[in-house]
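S.K.: Can you keep this structure in mind? I'll have questions shortly.
Please treat every number below as a calculation from the coordinates, not as lab data. Keep in mind that what you see is a predicted model, and the values were worked out from it rather than measured. Every residue, glycine as well, gets a Cβ built from its backbone with ideal geometry; the counts of neighbours run over all protein chains shown.
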Amino acid sequence: MSQLSVPHLLGIKELTREDIELILTTAKHFKEIINRPIKKVPSLRDVTIANVFFENSTRTRLSFELAQKRLSADVVNFSSSSSSVKKGETLLDTVNNILAMKVDMIVMRHSSVGAPHFLAKHIKANIVNAGDGTHEHPTQALLDSFSIHEKLGVVEGKKVCIFGDILHSRVALSNIFALKKQGAEVMVCGPNTLLPRYLNELGVKVELDLRKALQWCDVANVLRIQLERQTIKYFPSLREYSLYYGINKEILDSLDKEILIMHPGPINRGIEITSDVADSPHSIILDQVENGVAVRMAVLYLLAGRG
């Protein structure tokens, strides 16, 4: 199979294991290309892509834009803060106006859960979900799987624990779907108040003790505390959170094995993870950033029907 089974990347939930494997294999090819002296290929030279971001983003937006330029696509950037959305224009009108300019693909981040799915039903362009509310962030999960595969040789059978603010994280849900589809064992660890009730339905283990979870896993994917999404207090203070759920070098050194440390960024240094862990040989955080460009190149390339 050299084509995806779906016309859009709305979430990992809609992908098959074969889709995931195809994206990761294609990403491996693109990673070789972007490490050459000439990093550009003409693969999407006749394709126009609009990056439509209704939420702030640094890493994801830059990563997508770089991926698009490496593929020689024409790129249009849209920011809601300087647009007619401020004047009351609807999402559908905004996107239809962009499409009237002959755009082939939309990469969208939106604070509302299901916004990309809504668009996919109403417009003809390919949609890539760059994060919808607290729902999914599929390309982050794909680059995380790619990074694990690159370091450990395989995802199947590996024990991956996701730490922190599971309740407000779109990265956690996409990662759970992606890892389970590839045959990994998945655990989540964090304060009870930050663990959603639906976890049992997803077939993941739940551990409240940080040290036990670290001792269990091969890979620790540490999430940021998303204070901007929290309307009430879920724990007494950041200091107390750090005391019970912060990962530091002393804790890692006390384990009887070495584990990989991942983080989708941005990092709250000293809260969920200390600098001596984030910058240690255990950490593959910067590898994740590099791999993000290759994975997003693969997604765009395959959705454009070039696979």
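S.K.: Which cross-chain or sequence-distant (5 or more) residues have an amide H under 5 Å from the amide H of residue 76, H modelled 1.01 Å from N in plane?
M.R.: Here 49, 50, 51 satisfy the definition.
S.K.: Against the longest principal axis of the chain, how steep is helix 17-34, in degrees 0 to 90 to the nearest 10, with axes from Cα atoms?
M.R.: Tilt relative to the chain: about 80 degrees.
S.K.: Can you give the three extents of the C-alpha atoms in the range 236-289 along their principal axes, from longest to shortest, in whole Å?
M.R.: 33, 28, 13
S.K.: In percent, what relative contact order does the range 1-153 have, based on Cα pairs under 8 Å that are 6 or more apart in sequence?
M.R.: Numbers: 202 pairs, mean separation 39.6, N = 153.
Relative contact order comes out at 26 percent.
S.K.: Hey, fewest Cβ within 10 Å first, where do 240, 185 land in order? It would help to have the intermediate numbers written out before the result.
M.R.: Values: 240 12, 185 18.
So the residues, fewest neighbours to most, are 240, 185.
S.K.: Rounded, prolate or oblate: pick one for the range 104-173, where a ≥ b ≥ c are the square roots of the eigenvalues of its C-alpha gyration tensor, a/c under 1.5 means rounded, and failing that, prolate if a/b is larger than b/c, else oblate.
M.R.: Here the range 104-173 falls in the oblate category.
S.K.: Rounded to the nearest 5, what is the percent of antiparallel bridges among the DSSP beta bridges in the chain?
M.R.: Working: 1 of 36 bridges.
Of all bridge pairs located within the chain, approximately 5 percent are antiparallel.
S.K.: Per the chain: cysteines with no other Cys C-beta under 4.7 angstrom?
M.R.: Lone cysteines by the Cβ rule: 189.
S.K.: Additional query: Where the centre of each part is set by its Cα atoms, how far does the range 235-249 sit from the range 24-82, in angstrom?
M.R.: Rounded to whole Å, the Cα centres lie 36 Å apart.
S.K.: Once both axes come from the Cα atoms, what is the angle between helix 170-181 and the longest principal axis of the chain, in degrees from 0 to 90, rounded to 10?
M.R.: 90 degrees
S.K.: Say the cut-off is 27 Å between C-alpha atoms; which of 69/249; 40/102; 39/158; 181/212; 13/124 go over it?
M.R.: 69/249; 39/158
S.K.: Would you be so kind as to identify which of 188, 128, 167 lies farthest towards the positive end of the dipole of the chain, taking Lys and Arg as +1 and Asp and Glu as -1 on Cβ and the Cα centre as origin?
M.R.: It is 128, whose Cα lies furthest towards the positive end.
S.K.: May I pose another question? Just from its helices, what would the mean residue ellipticity at 222 nm be for the chain, if runs of 4 or more DSSP H residues each count -39500 (n - 2.57) and the sum is divided by every residue, rounded to the nearest 500 deg cm²/dmol? Could you put the intermediate results ahead of the total?
M.R.: Numbers: 11 runs with 118 residues, N = 307.
-11500 deg cm²/dmol, from helical runs alone.
S.K.: Give the share of C-alpha pairs in each 10 angstrom bin for the chain, from 0 to the last occupied bin, in whole percents, shortest bins first.
M.R.: P(r) for the chain, in whole percents per bin: 6, 28, 34, 23, 9, 1.
S.K.: Next question, about the same structure. Considering Cα pairs under 8 angstrom that are at least six residues apart, work out the relative contact order of the chain and quote it in whole percent. Before the final figure, lay out each step's value.
M.R.: Details: 556 pairs, mean separation 65.7, N = 307.
The normalised contact order for the chain reaches 21 percent.
S.K.: With a 10 Å Cβ neighbour count serving as the proxy for reagent exposure, in which order, fewest first, do 279, 132 appear?
M.R.: 279, 132
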